[in-house]
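Read through the structure below, which is laid out as structure tokens, and then see the notes.
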Amino acid sequence: MTELLYMDDSYLREFEAEVVETTEDRVILNRTAFYPVGGGLPSDTGVLLKGEEEYRVEEVRKEGGKVWHRVPGHSLSPGDVVKGVIDWERRYRVMRMHTALHALIAVMNQKYGVLVTGNKVGPDRSRVDVNLERPDRELVEKAIAETNEELAKGLPVKIYYLPREEAMKIPGIVKLAKALPPSVQKLRIVEIEGLDIQADGGPHVANTKEVGRIVFLKLENKGKNNRRIHFTLEP
């Protein structure tokens, strides 16, 4: 099992770890701060350092309890101690986007009864699919303006853990909780104070003021009752 350092500290940029398993182009560490692909978010990128040697981490994926780092051309072996360094500018941009997404979803759900059918977060632009009956650009622009007002309040974003049974009682996260494997007895909760509470495993900023402003890009029709909202952040 790989210890997931990013679960408790989204701001951890560097860490030391031991190599426990390798293939020709992949490395498993005993602990990692690299976020793997999942939850609509991309994986982190960065480097692994061993003395003067530097290896590029191009992608990270989680398989069972193991986190694989794709490191083409590495010469690492089990037992090696390495320093992991995350591409921080990219990670921080994804964190801001992720928190913005949670806030936007919360506003659209609470004020307009909209449910989310999918999402994809990126460092430069993101998208969220919602079950709007028609492509209502005016509603979307109003929801984004309302979300920006909430973000500007500087709401704390808290991360903590709850027993599954207790978390299941919280309105708004029951559906997410039910989708988790039965073996998961403790859920990681991300709460934007006064706005949103979700079971979530990804990195977030600590305060909504860090997000900046959501900028609407376009609205797409993706089928019956399904609209795709594209957005970016400013600055």
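The values are calculated or read from the model by the stated rules, or taken from the named source; none is laboratory data. Here the structure is a predicted model, which means the values were calculated and not measured. With ideal geometry, Cβ positions are generated from the backbone for all residues, glycine too; neighbour counts draw on all protein chains shown.
Values as computed for the structure displayed
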quantity	calculated
All positions within segment 180-205 that are within 15 Å of V116 (Cβ to Cβ), outside any strand (DSSP E or B) and either modelled with pLDDT of 95 or more or not acidic (D, E) (or both)	G202
R91 vs. criteria modelled with pLDDT of 95 or more, within 18 Å of the chain's Cα centre (by Cα), among the charged types (D, E, K, R) and surrounded by fewer than 17 Cβ atoms within 10 Å (Cβ to Cβ)	no
Any hit, segment 125-147, residues being in contact with a His (Cβ under 7 Å, 6 or more places away or on another chain) and touching a residue at least 12 places away in the same chain (Cβ under 8 Å)	yes
Tally, over segment 4-17, of residues that are surrounded by 16 or more Cβ atoms within 10 Å (Cβ to Cβ) and in a strand (DSSP E or B)	3
Matching strands (runs of 3 or more DSSP E) fully within segment 29-106 where at least 2 residues are farther than 30 Å from V128 by Cα	46-50, 53-57, 81-86
Those residues of segment 63-88 which are over 20 Å from L49 (Cα atoms) and either without any contact (Cβ under 8 Å) to a residue 40 or more places away in the chain or crowded, with 22+ Cβ neighbours inside 10 Å (or both), in sequence order	E63, G64
Selection within segment 197-229 - out of contact with any Asp or Glu (no Cβ under 9 Å at 6 or more places or on another chain) and surrounded by 15 or more Cβ atoms within 10 Å (Cβ to Cβ)	A199, D200, G201, G202, H204, V205, N207, E210, V211
Options R164, R127, R134, R188; residue that is surrounded by fewer than 18 Cβ atoms within 10 Å (Cβ to Cβ) and within 21 Å of the chain's Cα centre (by Cα)	R164
Qualifying residue in segment 22-44 (condition: touching a helix residue (DSSP H, G or I) at 6+ places or on another chain (Cβ under 6 Å), of a type in the set (D, E, K, R) and within 24 Å of D124 (Cβ to Cβ))	yes
Test: residue in segment 107-117 that is among the polar types (S, T, N, Q), buried (at least 19 other Cβ atoms within 10 Å of the Cβ) and part of a helix (DSSP H, G or I)	no
